[in-house]
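Nothing in this text is a laboratory measurement; each read-out follows from the coordinates by a stated rule. Here the structure is a predicted model, which means the values were calculated and not measured. We place every Cβ from the backbone using ideal geometry, glycine too, and count neighbours over all the protein chains shown.
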Ligand code: AMP
Ligand code: ZN
């Protein structure tokens, strides 16, 4: 086995390369993922990113690491236009609905948890909130001011990007150059109090109408959006930790600013491996809350969105997402979901068949090679589409064994069953079995009726009808088998 297949490799956005993964502390992994801003229901695009990192979390655990997974809840400081302008998203919703900001936060945090539970994702180990870490954020602002990389103006504090860039590099993660940024941003109109357009807020003064406000050494205000992630990641994972993730759209400015903030306080690069999940699109455009170009999970589960031909279960939707690599763009459509559903059912049926396979005294193939292929796929930057393709190959193999074209011993079947279960249920986090149980109940009932009709036809020597039932079912991939205990059926590929 080559090194690239036996060791986990992760694409690091900072180096632009796949690197073999070595945690800072043996057997332990610290992972931080930017969580949702809880001012509206999560859409499927958000879900894709969290499902991608659930896969990472699950595989790291499968490999035996003890993982501390921290995923925050942004409940303050994220302004409408992402930059330093506009109203706080949560305050705005609270104002429009005439409720408390914390009612907004509670409502959408509950929705977020419910949705992610429907997708069978694992809860993080710590889920800290921005409002629960105001003191920590104020402390970091003080440290950055003390290090000379931030300045106060009129009750707000800004990060001085140009000054930071003289002794550090700003833009290494996103590949942007400060000169270009300066050149491309319009000159300040004079209304802004920032020294330069690229500077970003660490602390903003709260105007009298701003509801979410906290006292600070600079007066009443609220933290800048980028600061919360620096405060919460370093508090729970240390000054340097293994993995930081988020959607691709957070690379700049959010993550770039996180790096600058951390380096301005402790001079260290805070994160070894930066991971960015790619976007879910709809009609070729990024799904987003702000543009309305999105589908909500419930609309998909109920089939209530006009773009969908029918409802799709959370498990099928998740399977659809996992059939694309997390770094590829994925476009959601009814056709693509229907295709995924077919594959999902094929996988389900194949796995079910595994427990009923004939057992032989000798195996005609090497099961360990089949299983190794699963590891190789996941070790290659969590390549779930390749893993699923390998699982489909295994399903073909299961059919061949069922048809007597290949043979497996009882212990090989057991080994295969264990590995498939581990990769399908533990690593991919699918719940195939539950879904399939319901499916087969109906199939079993329908076939019971047909088998009974065929038995009646045979009893009255109407072989035309009995053969017709048998052949028509076979044409649809359902093979009837007559045995001494009556007739049973198997599914053919
Ligand atoms: P937000 O609540 O907007 O801060 O987003 C929460 C997470 O969802 C972030 O990691 C975003 O990068 C991610 N995200 C937002 N839109 C999409 C999308 N269309 N596809 C995938 N991830 C997304
Ligand atoms: Zn963040």
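Structural remarks
- Per-residue Cβ neighbour rank within 10 angstrom, fewest leading, 54, 315: 315, 54
- On the beta carbon distance between residue 15 and residue 405, with R0 = 51 Å, the FRET formula returns roughly 0.65.
- Alpha carbon convex hull of segment 440-491, volume per residue in cubic angstrom: 69
- Of all beta bridges that DSSP places with both ends in the chain, some 50 percent have antiparallel geometry.
- If a spin label sat at a point 7 angstrom from the Cα of residue 485 along the line to its beta carbon, the backbone N atoms of segment 394-409 nearer than 20 Å would be those of 402-404.
- Ordering 279, 321, 102 from the fewest to the most neighbouring beta carbons within 10 Å gives 102, 279, 321.
- Multiplying the residue separation of residue 135 and residue 443 by 0.36 nm and subtracting their alpha-carbon distance yields 104.9 nm.
- If you sort the three axes of the alpha carbon gyration tensor as a ≥ b ≥ c, you get a/c of 1.5 or more for segment 137-278 and a/b no higher than b/c, which makes it oblate.
- The helix-based estimate of mean residue ellipticity at 222 nm for the chain, built from -39,500 (n - 2.57) per DSSP H run of four or more residues and divided by its residue count, is -14500 deg cm²/dmol to the nearest 500.
- Between residue 6 and residue 331, the contour length at 0.36 nm per residue exceeds the Cα-Cα span by 113.8 nm.
- Over the C-alpha trace of segment 1-148, radius of gyration and Dmax come out as 18.4, 62 angstrom.
- Cα centroid of segment 78-150 to Cα centroid of segment 284-331, whole Å: 25
- Anisotropy class of the chain from Cα gyration tensor, a/c 1.5 cut: prolate
- Label separation (residue 267 vs residue 365): 5.8 nm, computed from points 7 Å beyond Cα along the C-beta direction.
- Cα gyration tensor shape for segment 281-438, rounded if a/c is under 1.5, else prolate or oblate: prolate
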